[in-house]
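Some notes on the structure that comes next.
What follows is calculated from the coordinates using simple rules that are stated; it is not laboratory data. Treat the numbers as computed from the prediction; the structure is a model and nothing was measured. Quick reminder, even Gly has a Cβ in these numbers, built from the backbone with ideal geometry, and neighbours come from all protein chains shown.
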Amino acid sequence: MLDMIDKRTRAALFRARLAQALEGRSQSDLARATGLDRSTISALLAPGERLPNAQAAADCAAALGVSCDWLLGLTDRRDPPDHLAERAVTLVPAARALFDDTILAWHREAQGAKIRHVPATLPDLLKTPEVLAFEYRLPDAAIEAFEAQRQVLETGFPDFEIALPRHELVSFAAGTGYWSGLPAALRRAQLDHMAQRLETRYPAVRLYLFDAHRVFSAPVTVFGATRAVVYLGQQYLVFSDPAKVAEVARHFDHLVREASHPARATPDLIRGLAV
């Protein structure tokens, strides 16, 4: 429910926001764009209780590229609804290579906030260089660069949760499907490395294993409360509307609740597969 404010307060807020939106443009420009008299624009900007009629307010908002409700103090969202909708869900190109520049930027922006992550395979943050090289077919120099990036990013992860289908680990341990061709020794080393890293980084980094027969998730990362990103392959589907981000976060939290064991027990479960 909107707070009720008196006419003087609303008029003052309208003047301030009209002047803010008009910055860099003249009153004459606005008059021409709206078809209003310049004297009318001047009166709207002058101290007092003058408020525009609905048509004039809508014309000013359209000419200035702002929300009419924002001008009138009915919302704090400056952009018009169609602009907000365009930015609420966007598609961003995705590279097939570890952390690309876009992902790195999103991690840096969310530094200090909780990160929720469902990886496409095993979590890149917990992979050995040998597994990274096998999966991404990258030269040693690229793997070394990623290691440096990983160390920097880890310092900003006070609360990093990962949810993974248990069958992904089982398939990896057995070297089947996606991981066919990866030598058993490297797979065992990866599982030992992952278990050790989870123990060392706990509780800052927690891994939950869920049963994909019960629940399913596409690869997704939730960066705090500001952005949720679904990995489509060649593109990221990015949600920036707070309500939509919260919905994706609730989806992730459901995966965590469905996990059969607490994160504290995950390292032992992983070691049990390294046979």
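With the largest listed first and rounded to whole Å, the semi-axes of the equivalent ellipsoid of the range 99-204 from the Cα gyration tensor are 23, 17, 13.
Positive contributions from Lys and Arg (+1) and negative ones from Asp and Glu (-1), summed over other residues with Cβ under 14 Å from the Cβ of THR128, come out at -2. Expressed in Å, the radius of gyration and Dmax of the Cα atoms of the chain are 26.1, 83. The range 93-126 and the range 145-202 have their alpha-carbon centroids 14 Å apart. For the chain, the relative contact order is 19 percent, taking Cα pairs closer than 8 Å that sit 6 or more residues apart in sequence and dividing their mean separation by the residue count. The Rg/Rh ratio of the range 7-79, with both radii computed over alpha carbons and Rh defined as the Kirkwood radius, is 0.91. Radius of gyration (Cα atoms) of the range 110-163, expressed as a multiple of 2.2 N^0.38 Å: 1.20. Between HIS261 and LEU51, the modelled labels are 6.3 nm apart [label points 7 Å from Cα along Cα→Cβ].
Rounded to the nearest 500, the 222 nm mean residue ellipticity of the chain from helices alone is -15000 deg cm²/dmol, with -39,500 (n - 2.57) taken per DSSP H run of at least 4 residues.
Contact order, relative form, for the range 223-262: 32 percent (alpha carbon pairs under 8 Å, 6 or more residues apart, mean separation divided by residue count). Rank ALA249, ALA95, ALA43 by mean-square fluctuation in a GNM of the chain with C-alpha springs under 10 angstrom and give only the top-ranked residue. Ranking ALA249, ALA95, ALA43 by mean-square fluctuation puts ALA43 first.
Note: relative contact order over the range 7-79, using C-alpha pairs below 8 Å and six or more positions apart, is 36 percent.
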